[in-house]
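The values are calculated or read from the model by the stated rules, or taken from the named source; none is laboratory data. What you are looking at is a predicted structure, and each value in this text was computed from that prediction instead of being measured. Don't worry about glycine lacking a Cβ; one is built from the backbone with ideal geometry, like all the others, and counts go over all protein chains shown.
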Amino acid sequence: MNMPDEQCISAYLDGELNDIERAKFEKRLQEDDTLAIRFAQFNDNDTAIRQHYSAIDDTPVPDSIMSLLEEPEEIQSSSDNNVVEIKSWHRVKWMPIAASFLVVALAVPIYNNMVQEALPTLTSVLDTHTSGQTLEIGNDQQIYLTMSFTDDQGNFCREYFVSNPQSANHLVSCKLDNRWQDQISDSVVMGSDQVFQLASGQLSDKVEQWLDSHMASDAMDTQQETSFLDNSKN
């Protein structure tokens, strides 16, 4: 079972693993404390959201929304002849995250109803939190941590999104001279309801091109990322 940790957790929670894969994953949970913590975070979010939004299952989807899912005939007929090859790092990075962005959109009411605590800064989030998490950072802003990697200069870098009710930005920052420095930043499309909901067409081409040119490694798994975060504090 050669998957990133987040994809393994998602597949396990969704019942998509076979008996052998499930047994291997459960064995890893017993032996890997970091993975166990990430699993607990995913499981808690999944349970809270399922409970909070269970009533939505009984609500019919408006025709205006269903129409968006219908692929035009002229596009459908030619789709087999226009296959776009996705780079390996891109495919590995986004497959386990598709469901996570649904969590970003649906979890906002849950976060807003929690007891308000001192919110972290952007710098502290980049320094301490692993990818796959959405956090409030003040001024009605949220940060979603996408992935970590090393660039072509050997620097520890992070890709993430920062959004507020009016705008959203796709960024990459790298740790240089013990300080996070933005390498690339671009605005991305907001949803019609002024909520940031990432779709494939809303990624920044500028940021994607930068990643293609400067990524020297695949996206780190949770264990690698935790190690880099710990080392960067020293």
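Let's see how each residue does on (1) in contact (Cβ under 8 Å) with a residue 24 or more places away in the chain; (2) of a type outside the set (A, V, I, L, M):
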residue: 142; (1), (2): yes, yes
residue: 150; (1), (2): yes, yes
residue: 155; (1), (2): no, yes
residue: 162; (1), (2): yes, no
residue: 166; (1), (2): yes, yes
residue: 171; (1), (2): yes, no
residue: 175; (1), (2): yes, yes
residue: 184; (1), (2): yes, no
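Are any residues in the stretch 132-168 under 17 Å from residue 230 (Cα atoms), assigned to a strand (DSSP E or B) and of a type in the set (Gly, Ala, Ser), and if so, which ones? Hit for the stretch 132-168 is 148, nothing else.
Here is a yes/no grid of residues against (1) at pLDDT 95 or above; (2) of a type in the set (D, E, K, R); (3) over 30 Å from residue 231 (Cα atoms); (4) touching a strand residue (DSSP E or B) at 6+ places or on another chain (Cβ under 8 Å):
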site	(1), (2), (3), (4)
170	no, no, no, yes
178	no, no, no, no
196	no, no, yes, yes
203	no, no, yes, yes
207	no, no, no, yes
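Condition check ((1) modelled with pLDDT of 85 or more; (2) out of contact with any Lys or Arg (no Cβ under 8 Å at 6 or more places or on another chain); (3) within 16 Å of residue 221 (Cα to Cα)) across all residues:
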{"position": "24", "(1), (2), (3)": "yes, yes, no"}
{"position": "27", "(1), (2), (3)": "yes, yes, no"}
{"position": "33", "(1), (2), (3)": "no, yes, yes"}
{"position": "49", "(1), (2), (3)": "no, yes, no"}
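Condition check for residue 127 on (1) free of Cβ contacts under 8 Å to residues at least 60 places away in the same chain; (2) in a helix (DSSP H, G or I): one failure, at (1). Per this entry, residue 182 is not counted among residues that are among the acidic types (Asp, Glu), in contact with a Ser or Thr (Cβ under 9 Å, 6 or more places away or on another chain) and surrounded by 16 or more Cβ atoms within 10 Å (Cβ to Cβ). Of all residues in the stretch 221-234, those that are farther than 10 Å from residue 130 by Cα and assigned to a helix (DSSP H, G or I) have Cβ atoms under 6 Å from Cβ atoms of residues that are modelled with pLDDT of 90 or more and basic (Lys, Arg), 6 or more apart or on another chain, in 232/175. The set of residues in the stretch 169-193 being in a strand (DSSP E or B) and among the charged types (D, E, K, R) consists of 175, 179, 182, 186.
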